[in-house]
Protein chains: 6
Amino acid sequence: MHITRKERFNAAHRLYRKDYTDEKNLKVFGKCSNPNWHGHNYDLYVTVKGKVNPETGFVINLKQLSKIIKEFVIQKLDHKNINLEVDFMQGKLASTENIAIAIWEQLEEPVRSLHAELFSIKIYETENNFVEYFGEQYI
Amino acid sequence: MHITRKERFNAAHRLYRKDYTDEKNLKVFGKCSNPNWHGHNYDLYVTVKGKVNPETGFVINLKQLSKIIKEFVIQKLDHKNINLEVDFMQGKLASTENIAIAIWEQLEEPVRSLHAELFSIKIYETENNFVEYFGEQYI
Amino acid sequence: MHITRKERFNAAHRLYRKDYTDEKNLKVFGKCSNPNWHGHNYDLYVTVKGKVNPETGFVINLKQLSKIIKEFVIQKLDHKNINLEVDFMQGKLASTENIAIAIWEQLEEPVRSLHAELFSIKIYETENNFVEYFGEQYI
Amino acid sequence: MHITRKERFNAAHRLYRKDYTDEKNLKVFGKCSNPNWHGHNYDLYVTVKGKVNPETGFVINLKQLSKIIKEFVIQKLDHKNINLEVDFMQGKLASTENIAIAIWEQLEEPVRSLHAELFSIKIYETENNFVEYFGEQYI
Amino acid sequence: MHITRKERFNAAHRLYRKDYTDEKNLKVFGKCSNPNWHGHNYDLYVTVKGKVNPETGFVINLKQLSKIIKEFVIQKLDHKNINLEVDFMQGKLASTENIAIAIWEQLEEPVRSLHAELFSIKIYETENNFVEYFGEQYI
Amino acid sequence: MHITRKERFNAAHRLYRKDYTDEKNLKVFGKCSNPNWHGHNYDLYVTVKGKVNPETGFVINLKQLSKIIKEFVIQKLDHKNINLEVDFMQGKLASTENIAIAIWEQLEEPVRSLHAELFSIKIYETENNFVEYFGEQYI
């Protein structure tokens, strides 16, 4: 059984490498390399996997899951600059892929402490683009 | 190949255990334990799995699938009280997880009779919360 | 300039008249007259009208508007039984139309206290049915 | 007859006044005053009003309308910093209300040149917040 | 008070004039002039206006409204070729504007027979394009 | 890591077999067998699978993926008649299942040339019906 909680955050970011020239950044990352930043309304879907607890009928208590996601992820990302202000993104390219991996790493332990297993992190950057990460053991 | 049909139902429910005190019900189930009921517009996605029939180009005839879902599930749940009126939920906690398992059990045989295999039951309780069940053999 | 805030509530209700027989309730209100209740995820759109304050660039502070909607409407309706538990719906048929009028009456004064004017109350009962109320002066 | 074209842009912004202290900016504009920027996926709905041309069956040619919106609005806003980079927002607070008014001013003449009349500019900042502007003559 | 019912239909159409050359059709109507047809999932919103009946709490019985829309509109358009098969579109360009006007003419009388007044017909051709018609008296 | 790009196309089609009588076509394919065609707004989700390139933070460059989808799929399907005009659908029943398989075959090689692996093709025919194809090796 999978159970999913959707949360949202709005943030600014920029895709670029310091070791690239401006032209190369523009060529590789396109409009996303704008030095003055741009931003998105990100939709985050956290899916956990587990058995149904016969006493509660729940795989996981969604209020507790939502609380964990807010504490470890949303309050660090929401209305922030992902490149400059988010501790778990320091030194990483602010691509949606890397945000998904970093959110997985933020949530893996806290979800385990609720006796469930993280299954996937899905992030919509726009309605047309999204990534889904299943952790390392999937490979 | 997977093929999915979406149907909808509106129903009342309450999450609680008779063997819990009111305080414990409130602590475990929160606002969902309201003794006067509350309700939802549930979205149900039924996914079946199979090969494409070369004569029709279909995995399954969606009209027949929709008919089966309506007969075995929707007409029993729609505009009903899940705790009091739904035969296949008697004696069970009315959590979204348990509703998904019960719908799987309702549909497994009828889908097989259409020469296809049930793959998953996905239910949205709200736009932010949903569960997906893949049957027992998945574990 | 109109500005709109969307909020949500989940509630149970029943459409019926005590002075109707069961048959007449069923005939007039259909499945919505189920004595055991059913429920919905209601989407509420509150639109206010006003001039842009040149100092803030706002018609109204959306956080304050959201706070007022939660205080006067959402916490009274969310996870409740509209017929039995909502003070401002006592003695009224729990139709979406009547809920919209009652929410207008709840919000008209509080919105005015924020120096703006309530323009409309829009409620989606399902994705296929919604009402919009503009107050009495509209007629 | 009204006809509407939806376009999208992603941008960074910040709400603040230079003549406010940091505390006052935070109090008035909340998280939106973050000095390191944040951003959104904005949805823009441009509605024009007119009679149906009996020769084409169109109020306005939507391809031409879309082209005008892209030229005068989207390419100036998309993947930009609204405070720093958008000519028609210079010297203005980057609130959704002010963006709507500025887009109206950008489009009023070009729409007229297509023999139609601008009716409204509607902008969603998030799925829960949107504004709609009808021009000055509406007041 | 406005109340709206959403219905859907899928249909093929083509935009062209017999008195235009193929080049002119292509220039004016673009890809929509394809002689082999193309099609859409149309979303139709029918809004009626009226007072709330104090006995029922309804402006109009939505089941009766839905039945009328299906009888006079949907069953004539759904899974049809708008240019070739729809009686009320004969001799007209199959633009969304003209479909909206024709649907208004189909529904005006039947809605009146339910003691309500048609307020608007809104049609989405795609998620990015829609029209809204308010009848002749609006002008 | 999975990454998905959504594209859209509008097309006409008809489900029927030449070797069936009209009655049998109507019985098997229902309204979809209308000889005068009907059509849909199809939503296409192309999901690719791969490792994150540490230099770019990308599994695949989404602009290049979008370009490939447009070149090999969208421009062949959009505003076309699937039965008559689409080379890769010739001689096949125009069911959503068969369209998904044919799109997979169109994209498998081009995606590989971008150093990624096609994972699934998902197509929504309407909001209630969709198919997902994972390629032959999945079986």
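The values are calculated or read from the model by the stated rules, or taken from the named source; none is laboratory data. Please read all numbers here as calculations on a predicted model, not as lab measurements. Cβ atoms come from the backbone with ideal geometry, glycine included; neighbour counts cover every protein chain shown. All accessible areas refer to the heavy atoms of the entire protein, side chains included, with ligands and DNA or RNA removed. Shrake-Rupley method; radii C 1.70, N 1.55, O 1.52, S 1.80 Å.
Checking the conditions here, which among A:Asn41, A:Asn81, A:Asn25 is among the polar types (S, T, N, Q), touching a residue at least 24 places away in the same chain (Cβ under 8 Å) and open to solvent by less than 10 Å² (accessible area, probe 1.4 Å)? Can you show your working first?
Working: A:Asn41 fails: open to solvent by less than 10 Å² (accessible area, probe 1.4 Å); A:Asn25 fails: touching a residue at least 24 places away in the same chain (Cβ under 8 Å).
From the options A:Asn41, A:Asn81, A:Asn25, the qualifying one is A:Asn81.
Is one or more of the residues making up the stretch B:90-97 at the interface with chain C (Cβ under 10 Å from one of its Cβ atoms), modelled with pLDDT of 95 or more, closer than 19 Å to B:Val131 by Cβ and surrounded by 16 or more Cβ atoms within 10 Å (Cβ to Cβ)?
Checking the stretch B:90-97: not a single residue is at the interface with chain C (Cβ under 10 Å from one of its Cβ atoms), modelled with pLDDT of 95 or more, closer than 19 Å to B:Val131 by Cβ and surrounded by 16 or more Cβ atoms within 10 Å (Cβ to Cβ).
Where residues in the stretch C:44-57 are farther than 25 Å from E:Ile3 by Cβ, touching a residue at least 24 places away in the same chain (Cβ under 8 Å) and open to solvent by less than 60 Å² (accessible area, probe 1.4 Å), which of them is farthest from the chain's Cα centre (by Cα)?
Per the stated criteria, the residue is C:Val52.
Limited to the stretch E:121-139, what total is found for residues that are farther than 22 Å from E:Leu62 by Cα, part of a strand (DSSP E or B) and acidic (Asp, Glu)?
1
Anything in the stretch A:100-119 that is more than 9 Å from chain F (Cβ to nearest Cβ) and open to solvent by less than 30 Å² (accessible area, probe 1.4 Å)? List them, or say none.
Applying the first criterion (more than 9 Å from chain F (Cβ to nearest Cβ)) to the stretch A:100-119 yields A:102-119.
Matches in the stretch A:100-119: A:Ala102, A:Ile103, A:Trp104, A:Leu107, A:Pro110, A:Val111, A:Ala116, A:Leu118.
Only residues that are touching a strand residue (DSSP E or B) at 6+ places or on another chain (Cβ under 7 Å), within 19 Å of A:His40 (Cα to Cα) and either part of a strand (DSSP E or B) or among the hydrophobic types (A, V, I, L, M, F, W, C) (or both): list them for the stretch A:78-120, please.
So the first thing to find is which residues in the stretch A:78-120 are touching a strand residue (DSSP E or B) at 6+ places or on another chain (Cβ under 7 Å), and the list is A:78-83, A:86, A:94, A:96-97, A:99-101, A:103-104, A:107-108, A:111, A:116-120.
Of the ones still in play, those that are also within 19 Å of A:His40 (Cα to Cα) are A:78-83, A:86, A:94, A:96-97, A:99-101, A:103.
Once the filter is applied, which keeps residues that are touching a strand residue (DSSP E or B) at 6+ places or on another chain (Cβ under 7 Å), within 19 Å of A:His40 (Cα to Cα) and either part of a strand (DSSP E or B) or among the hydrophobic types (A, V, I, L, M, F, W, C) (or both), the stretch A:78-120 yields A:Lys80, A:Asn81, A:Ile82, A:Val86, A:Ala94, A:Ile99, A:Ala100, A:Ile101, A:Ile103.
With E:Asp22, E:Asp43 as the choices, which residue is charged (D, E, K, R) and modelled with pLDDT under 95?
Residue meeting the stated conditions: E:Asp22.
Would you mind stating whether B:Ile74 is in contact with a strand residue (DSSP E or B) (Cβ under 8 Å, 6 or more places away or on another chain), assigned to a helix (DSSP H, G or I) and touching a residue at least 60 places away in the same chain (Cβ under 8 Å)? First the steps, then the outcome.
On the way: in contact with a strand residue (DSSP E or B) (Cβ under 8 Å, 6 or more places away or on another chain): yes; assigned to a helix (DSSP H, G or I): yes; touching a residue at least 60 places away in the same chain (Cβ under 8 Å): yes.
It is true that B:Ile74 is in contact with a strand residue (DSSP E or B) (Cβ under 8 Å, 6 or more places away or on another chain), assigned to a helix (DSSP H, G or I) and touching a residue at least 60 places away in the same chain (Cβ under 8 Å).
Provide a single number: the residues in the stretch B:104-127 that are free of Cβ contacts under 8 Å to residues at least 60 places away in the same chain, among the polar types (S, T, N, Q) and farther than 18 Å from B:Ala94 by Cα.
1
Checking the condition touching a Leu at 6+ places or on another chain (Cβ under 8 Å), of a type in the set (Gly, Ala, Ser) and more than 30 Å from F:Glu55 (Cβ to Cβ), which residue from A:Gly57, A:Gly50 passes?
Every option except A:Gly57 fails the conditions.
Please go through (1) within 11 Å of chain D (Cβ to nearest Cβ); (2) out of contact with any Ser or Thr (no Cβ under 9 Å at 6 or more places or on another chain) for A:Glu23 and return the number of the only condition it doesn't satisfy.
Result: A:Glu23 fails condition (1) only.
Quick check on my filter: what residues within the stretch D:1-22 are among the basic types (Lys, Arg), under 24 Å from C:Thr56 (Cβ atoms) and touching a residue at least 40 places away in the same chain (Cβ under 8 Å)?
Listed by number, the residues that qualify are D:Arg14, D:Arg17.
Got a number for residues in the stretch F:7-20 being more than 10 Å from chain E (Cβ to nearest Cβ) and open to solvent by less than 20 Å² (accessible area, probe 1.4 Å)?
Of all residues in the stretch F:7-20, those more than 10 Å from chain E (Cβ to nearest Cβ) come to F:7, F:15-20.
Those still in the list that are open to solvent by less than 20 Å² (accessible area, probe 1.4 Å) too: F:7, F:15.
Here the count works out to 2.
Restricting to the stretch A:60-71, give me the number of residues that are surrounded by 17 or more Cβ atoms within 10 Å (Cβ to Cβ) and assigned to a helix (DSSP H, G or I).
5
Among the residues of the stretch B:28-38, which ones are assigned to a helix (DSSP H, G or I) and surrounded by fewer than 15 Cβ atoms within 10 Å (Cβ to Cβ)?
Across the stretch B:28-38, the qualifying residues are B:Gly30, B:Lys31.
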